[in-house]
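Read the figures in this text as sums done on the coordinates, not as results from a lab. Please read all numbers here as calculations on a predicted model, not as lab measurements. Glycine gets a Cβ as well: all are built from the backbone with ideal geometry, and neighbour counts include every protein chain shown.
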Amino acid sequence: MSATIRFDSLGPDDFAAVAELAGEIWHRHFIGMISREQIAYMLAGRYTPEKLGRYLGAPDRWFRLLRVDGGLCGYCSYALSPRPGEMKLEQLYLSEDRRGQGLGGRMMDEVEAAARAGGCDTLMLTVNRHNVGAIDVYLRRGFAVREEVAADIGNGFVMDDYVMEKRLDLA
């Protein structure tokens, strides 16, 4: 029996579930890369109804929920970049128990298809420089490091990232 895989658009009724899933994923995945305090700070700033509400009906950003057999297990968001012809993959997160099943790749396919449909020939993202597993996945999918950035995000915390990009065929 095969699983039913579905991508849904974010709605207001999903905000609490997304915030809860984000907390589970971030506390498992990022511990050791950034402190618990920075995880809590970033989660509190990203998953508020106000921040998530910016995706509702927006013409330049999207938030997609990955459901397997009806259960929320991942999400991705992406937005048009200020650079013409470029889309930014903002987030791509999958619950630990669903990794290794090709679902992360399905989310990447979804984002790449949306970028192409929007006429974008470049997909870019930022990734923590210590997130070697994700970096390896991005490299295998054709991304290359464009630059290194260290950004002050407030409260004494810094994002120490690579900016990566992938050229997309629009044909």
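Within the chain, the selection of entire DSSP H helices by a Cα span of 20 Å or greater along the long axis and an average Kyte-Doolittle value of at least 0.0 returns 15-29. Of all DSSP-defined beta bridges confined to the chain, some 90% are antiparallel rather than parallel.
Once backbone amide H atoms are built at 1.01 Å from N, residue 158 has 153 as its partners under 5 Å, excluding neighbours fewer than 5 places away on the same chain. Here residue 54 and residue 20 are evaluated by their C-beta separation; at R0 = 25 Å the FRET efficiency comes out at 0.80. Measuring from a point 7 Å past the Cα of residue 46 along Cα-to-C-beta, which residues in region 120-152 have an amide N at less than 12 Å? Zone members listed by number: 126-128.
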